[in-house]
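**Student:** Sharing a structure below in structure tokens format, with a few things to ask.
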Amino acid sequence: MKIGLYFGTFNPIHVGHLIIANHMAENADLDQVWLVVTPHNPLKKKDTLLDDYHRLEMVHLATENFPKLKPSDIEFKLSQPNYTVNTLVHLEEKFPNHAFSLIMGEDNLKSFHKWKNHEVILQNHEIYVYPRISSEAENLDLKNHSKIHLIDAPIVEISSTFIRKSIKEGKNIQPLLPQKVWEYIDHNNFYKK
């Protein structure tokens, strides 16, 4: 089975994440997309994150009606901070019959050369890239690489940061979240402080 890995802190997961994940599952050469909840992205401050299991529960709630989308807590069991190259090795050992690919935004492709062992990742895995609005210079070397696939996906500019800030300010951002995720956040009073 060909699995696309969509990594994120999902703090919280929102409709933009679902649009991209579902588009990849339906339009790229993938059987499933696993939304990998990252306990600690080395490039983000950990103190801004909700507890790992709350974020995982929100991903479960968001994806329950999408048979090709699966939540994954695989990184919860690995040493932190998490590096994608280590996660990929672990997944290959645990699921030897699956082929794993990465899903990332065009903005992440531009900084991909800074990732730990990025050459090893590129040598062994396909990368599916969705477009992002950006004014930075593009990394043309990587875009033309045989393992990089640019997918014509909808451009979604919703951020979890914007959602957290809006909730803190008492704004109604309900349309930006799956209904059950909104209810979970509201019930638990998340992001209000």
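The values are calculated or read from the model by the stated rules, or taken from the named source; none is laboratory data. The model shown is predicted, which means the values in this text are computed figures rather than measured ones. Please note: Cβ atoms are built from the backbone with ideal geometry, for glycine as well, and neighbour counts cover all protein chains shown. We work out accessible area using only protein heavy atoms, side chains counted, and drop any ligands, DNA or RNA first. Shrake-Rupley method; radii C 1.70, N 1.55, O 1.52, S 1.80 Å.
**Student:** Please report, as a whole percent, how much of the solvent-accessible surface of the chain comes from carbon and sulfur atoms (probe radius 1.4 Å).
**Tutor:** For the chain, the apolar C and S fraction of the accessible surface comes to 50 percent.
**Student:** On a 0 to 90° scale, report how tilted helix 179-188 is relative to the longest principal axis of the chain, with both axes built from alpha carbons and the result rounded to the nearest 10.
**Tutor:** Once rounded, the angle reads 60 degrees.
**Student:** Just to confirm the number: angle between the C-alpha axis of helix 52-63 and the first principal axis of the chain, 0 to 90 degrees, nearest 10?
**Tutor:** 80 degrees
**Student:** Can you tell me the convex hull volume per residue for segment 85-193, based on C-alpha atoms, in Å³ to the nearest whole number?
**Tutor:** Cα convex hull per residue, to the nearest whole number: 172 Å³.
**Student:** May I pose another question? Want the number for Lys68 to Lys94: 0.36 nm per residue separation, take away the alpha-carbon distance, what's left?
**Tutor:** Extra length available between Lys68 and Lys94 comes to 7.4 nm.
**Student:** Roughly how many Å² is the accessible area per residue of the chain, as a whole number, for a 1.4 Å probe?
**Tutor:** With all protein chains present, the chain gives 53 Å² per residue.
**Student:** What is the extension gain from His54 to Asn27, computed as 0.36 nm multiplied by their sequence separation minus the C-alpha to C-alpha distance, in nm to one decimal?
**Tutor:** Result for the pair: 6.8 nm of gain on full extension.
**Student:** Put a dot 7 Å past each Cα toward the Cβ at His187 and Glu157; how far apart are the dots in nm?
**Tutor:** 3.5 nm
**Student:** Shifting gears a bit: Residue by residue through segment 72-80, which ³J(HN,Hα) values in whole Hz follow from phi under the Karplus form 6.51 cos²θ - 1.76 cosθ + 1.60 (θ = phi - 60°), with glycine and proline marked x?
**Tutor:** Here the 3J(HN,Hα) series is 9, 10, 3, 7, 4, 8, 9, 5, 10 Hz.
**Student:** Read phi for every residue in segment 8-22 and hand back ³J(HN,Hα) as whole Hz from Karplus 6.51 cos²θ - 1.76 cosθ + 1.60, θ = phi - 60°, with x for Gly and Pro.
**Tutor:** x, 7, 6, 10, x, 5, 9, 4, x, 4, 5, 4, 5, 4, 5
**Student:** Grab the Cα-Cα distance for Ser111 and His149, subtract it from 0.36 nm times how many residues apart they are, and report the gain in nm with one decimal. Can you show the working numbers first?
**Tutor:** On the way: separation 38, 0.36 × 38 = 13.68 nm, distance 1.63 nm.
Between Ser111 and His149, full extension yields an extra 12.0 nm.
**Student:** Sum up the charges of everything whose Cβ sits under 12 Å from the Cβ of Asn27, counting Lys and Arg as +1 and Asp and Glu as -1, but leave Asn27 out.
**Tutor:** -2
**Student:** While we're looking at this one, here's another question. Around Phe7, which amide H atoms from residues at least 5 apart in sequence, or from another chain, sit under 5 Å from its own amide H, with H modelled in the peptide plane?
**Tutor:** Answer set, sorted by chain and number: Val36, Ile103.
**Student:** Can you check what the net charge comes to around Leu177, using other residues whose Cβ is under 12 Å from the Cβ of Leu177 (Lys, Arg +1; Asp, Glu -1)?
**Tutor:** Overall, the nearby charge balance is 0.
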